[in-house]
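Report on the structure given below.
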Amino acid sequence: MLDHVTIGVTDLVRAGDFYDRALAPLGIVRLYADGDSAIGYGSGRKAFFWIGRRNAVRTGAHVAFLARDPAAVATFHSAAIAAGGRDNGKPGLRPHYRPDYYGAFVLDPDGNNIEAVCYTAASTCRTG
């Protein structure tokens, strides 16, 4: 079981603005900041997704966030694009992953693949 994950970014201010806007439709907000070196996102009081400033990004990460429904997936995608992300897969079903997989993908400003996903059942998503 994971407690948290951190990905590297080259510009913490730019990345912070991107993630503030992209994750808000999923109910994930900025909870903590460690000076100019890291920002923690989560819900409630628990930060489970962190971005940390690095001189260079060594690899592109793929992080998928669970969305409550297809509308939240679409809103995530739109917000992430508006915040400076690049489309890497428009919202839609991905039956090659599994029949009820509904997701959208965006590359953040450093090229990390950020996804919102839900599992459809009669056009709704379940959270567990």
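For residue 71, are the conditions met, namely being without any contact (Cβ under 8 Å) to a residue 12 or more places away in the chain and not in a loop (DSSP other than H, G, I, E, B)? Yes.
For the range 1-55, a residue qualifies if it is assigned to a strand (DSSP E or B), within 12 Å of the chain's Cα centre (by Cα) and of a type in the set (Phe, Trp, Tyr), and the qualifying residues are 41, 48, 49, 50.
Each residue in the range 56-68 was checked for being in a loop (DSSP other than H, G, I, E, B) and either under 18 Å from residue 3 (Cβ atoms) or in contact with a Cys (Cβ under 8 Å, 6 or more places away or on another chain) (or both), and 3 of them qualify. When the residues of the range 74-107 are filtered to those that are of a type in the set (A, V, I, L, M, F, W, C) and outside any strand (DSSP E or B), the one that is surrounded by the fewest Cβ atoms within 10 Å (Cβ to Cβ) is 82. If you filter the range 5-22 down to residues that are among the β-branched types (Val, Ile, Thr) and buried (at least 19 other Cβ atoms within 10 Å of the Cβ), you find that the one that is nearest to residue 82 (Cα to Cα) is 9.
Just to be sure I understand, how many residues within the range 59-68 are touching a residue at least 12 places away in the same chain (Cβ under 8 Å) and either more than 24 Å from residue 15 (Cβ to Cβ) or of a type outside the set (A, V, I, L, M) (or both)?
Just the residues of the range 59-68 that are touching a residue at least 12 places away in the same chain (Cβ under 8 Å), to begin with: 60-68.
Keeping just the survivors that are either more than 24 Å from residue 15 (Cβ to Cβ) or of a type outside the set (A, V, I, L, M) (or both) gives 60, 62, 65, 68.
Number of matching residues: 4.
Tally time: how many residues in the range 1-22 are free of Cβ contacts under 8 Å to residues at least 60 places away in the same chain and touching a helix residue (DSSP H, G or I) at 6+ places or on another chain (Cβ under 8 Å)? Residues in the range 1-22 being free of Cβ contacts under 8 Å to residues at least 60 places away in the same chain and touching a helix residue (DSSP H, G or I) at 6+ places or on another chain (Cβ under 8 Å): 0 in total. Cβ-Cβ contacts under 6 Å between residues 6 or more apart (or on different chains), taken from a first residue in the range 84-112 that is closer than 17 Å to residue 65 by Cβ and at pLDDT 95 or above to a second residue that is of a type in the set (Asp, Glu) and buried (at least 18 other Cβ atoms within 10 Å of the Cβ), are listed as 85/108; 103/115; 105/115. A residue that is surrounded by 14 or more Cβ atoms within 10 Å (Cβ to Cβ), in contact (Cβ under 8 Å) with a residue 40 or more places away in the chain, under 19 Å from residue 112 (Cα atoms) and of a type in the set (D, E, K, R) occurs nowhere in the range 23-30.
The values are calculated or read from the model by the stated rules, or taken from the named source; none is laboratory data. None of these values were measured; they are calculated from a predicted model. Every residue, glycine as well, gets a Cβ built from its backbone with ideal geometry; the counts of neighbours run over all protein chains shown.
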